[in-house]
Amino acid sequence: MSLVFREVHLPEDLCAAAEARYAQQFDSVADLLACVLRELLRDDAAQLNAEEERIVEQRLRDLGYV
């Protein structure tokens with residue numbers, strides 16, 4: 001499967017600061033940004049799961065099981 005990429009424009013000073021700080025962990029700002037976006041999306045999924053869990057717990061309480 002071939003990946004399709006998008007172009008993103010970021011301020012030069014922001015990129016330079018990110019490169020200086022994370023050069024040891026990431027080969028490029030693009031790699032850093034991809035990692036950050038994946039983590040943010042993962043957190044959204046975890047929050048959704050937490051919300052679903054809260055709903056299920058409330059339903060169980062309403063039914064008298066909890």
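Selection of the stretch 24-66 for residues being part of a loop (DSSP other than H, G, I, E, B) and either of a type in the set (V, I, T) or more than 20 Å from the chain's Cα centre (by Cα) (or both) yields Q24, L63, G64, Y65, V66. In the stretch 8-23, the residue that is surrounded by the fewest Cβ atoms within 10 Å (Cβ to Cβ) out of those that are more than 19 Å from the chain's Cα centre (by Cα) and assigned to a loop (DSSP other than H, G, I, E, B) is H9.
Values in this text are rule-based calculations from the coordinates and carry no lab data. A quick note: this is a predicted structure, and the numbers were derived from the prediction, not measured. Cβ: placed from backbone, ideal geometry, glycine included. Neighbour counts: every protein chain shown.
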